[in-house]
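Okay, so here's the structure we're looking at.
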Amino acid sequence: MEEELLDAIFAAILDGDIPGAPGAVQAALDAGLSAEKVLNEGMIAAMNRVGELYECGDYYVAEMFTSAKTLQAALGVLRPHLQQSQVQSAGTVVIGTVKGDMHDIGKNLVTMMLEGAGFTVHDLGPDVHPSRFVSAVLEHQPEIVALSALLTTTMPAMKTTIDALVAAGVRAQVKIIVGGAPVNDEYARHISADGYAPDASQAVSLARALMVN
Ligand code: B1M
């Protein structure tokens with residue numbers, strides 16, 4: 001039963017079934033599956049498969065794009081289950097996917113989980129120029145700046161963004177966290193970020209830890 005429900009979500013995302021995916025997620029939640037299970041074993045597992053199919057030439061960018069749209073539609077159903085309302089803000093975060101990079105699903109998930117943990121999040125979107133991060137820091141005075149990158153070719157834009165924050169004289173007032181599939185702990189240290197998180201829930205733990213240090 002559980003496997004069938006997860007398979008239905010997996011298939012909807014793989015097939016780019018935008019109208020069907022939210023219903024498949026709702027059915028799994030109604031049957032008592034946890035939001036984390038639905039997310040990790042249904043939705044993210046399907047996106048990973050989409051990536052494999054793209055890599056071996058069975059899917060093109062168009063299919064990858066439709067699957068991404070499908071996942072975004074399904075996330076709408078999951079959002080309230082990943083979030084609990086908190087009265088007091090746990091801190092302020094400015095987040096964005098770095099310049100040249102259009103991937104925003106992972107960043108949106110990190111945003112959702114941070115908001116769920118009580119952070120006030122200013123999401124700058126995908127393809128964010130370093131100067132936009134600087135102006136957002138000046139405007140919102142966050143404790144944390146979160147950078148996402150999904151392409152090996154856009155990882156260097158994380159360093160460029162940090163350099164821009166240094167040049168603007170605001171680097172010392174924020175903690176910088178980085179993440180995204182090609183990023184790792186070693187790269188985070190290499191570009192002098194304050195921390196790396198491999199997934200959205202660990203991004204929350206990292207942000208919480210950095211708020212007290
Ligand atoms: Co693109 N793409 N894509 N793509 N795409 C990848 C990333 C790729 C790995 C596919 C592959 O070849 N297997 C490959 C990158 C190869 C590389 O550089 N190593 C790739 C490529 C090549 C490209 C294009 C260049 C293709 C082309 O045009 N020829 C192009 C680039 C466009 C651009 O950005 N300039 C491109 C375009 C696209 C679409 C627009 C079609 C679409 C994105 C739509 C969108 O995001 N709105 C797309 C998609 C969907 C993917 C895959 C299939 C799925 C990405 C995704 O959403 N995963 C992806 C393959 C894959 O990742 N398996 C692929 C689900 C998401 C929940 O996971 O984003 O990893 P993820 O986020 C995780 C963690 O990484 C982490 O937490 C999240 C949740 O747990 N995390 C953070 C992310 N950010 C974080 C920040 C943090 C902490 C954690 O703190 C700050």
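Out of 167, 146, 193, 188, which single residue is over 20 Å from residue 92 (Cβ atoms), surrounded by 15 or more Cβ atoms within 10 Å (Cβ to Cβ) and not polar (S, T, N, Q)? If you could, list the steps in order and put the result at the bottom.
Working: 167 fails: surrounded by 15 or more Cβ atoms within 10 Å (Cβ to Cβ); 146 fails: over 20 Å from residue 92 (Cβ atoms); 193 fails: over 20 Å from residue 92 (Cβ atoms).
Going through 167, 146, 193, 188 in turn, the sole match is 188.
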Inset, instruction - Might you check whether a residue that is among the β-branched types (Val, Ile, Thr), touching a residue at least 60 places away in the same chain (Cβ under 8 Å) and in a strand (DSSP E or B) occurs anywhere in the stretch 116-139? - result: no
Inset, instruction - Considering each of 203, 207 in turn, give the residue that is crowded, with 17+ Cβ neighbours inside 10 Å and farther than 22 Å from residue 139 by Cα. - result: 203
Inset, instruction - Would you mind finding the one in 18, 44 that is surrounded by 15 or more Cβ atoms within 10 Å (Cβ to Cβ), modelled with pLDDT of 95 or more and on the phi < 0 side of the Ramachandran plot? - result: 18
Inset, instruction - Being within 16 Å of residue 102 (Cα to Cα) and either modelled with pLDDT of 95 or more or within 7 Å of the ligand (Cβ to nearest atom) (or both) narrows it down to one of 198, 142, 126, so name that one. - result: 126
Legend entry - Close pairs from the stretch 178-205: first in a strand (DSSP E or B), partner within 8 Å of the ligand (Cβ to nearest atom) and among the acidic types (Asp, Glu), Cβ under 8 Å, at least 6 apart: 179/199
Legend entry - Residues satisfying the stated conditions in the stretch 143-152, i.e. in contact (Cβ under 8 Å) with a residue 40 or more places away in the chain and under 18 Å from the mean Cα position of the chain (by Cα): 144, 145, 146, 147, 148, 149, 150, 151
Inset, instruction - Specify which of the listed residues (106, 100, 118, 96) is near the ligand (Cβ under 10 Å from one of its atoms), in the same structural domain as residue 198 (by TED's automatic domain parsing) and surrounded by fewer than 19 Cβ atoms within 10 Å (Cβ to Cβ). - result: 100
Inset, instruction - Please indicate, with yes or no, whether at least one residue in the stretch 49-71 is among the hydrophobic types (A, V, I, L, M, F, W, C) and in contact with an Asp or Glu (Cβ under 8 Å, 6 or more places away or on another chain). - result: yes
Legend entry - For residue 131: the one exception among (1) within 8 Å of the ligand (Cβ to nearest atom); (2) outside the structural domain of residue 27 (by TED's automatic domain parsing); (3) of a type outside the set (Lys, Arg): (1)
Inset, instruction - Scan the stretch 167-178 for residues that are in contact with a Pro (Cβ under 7 Å, 6 or more places away or on another chain) and near the ligand (Cβ under 10 Å from one of its atoms) and jot them down. - result: none
Inset, instruction - Give 79, 132 a once-over and let me know the one that is out of contact with any Lys or Arg (no Cβ under 8 Å at 6 or more places or on another chain), modelled with pLDDT under 95 and of a type in the set (Lys, Arg). - result: 79
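The values are calculated or read from the model by the stated rules, or taken from the named source; none is laboratory data. On a predicted model such as this, the values are computed, not experimentally measured, just so you know. Reconstructed Cβ throughout: ideal geometry from the backbone, glycine too, with neighbour counts over all protein chains shown.
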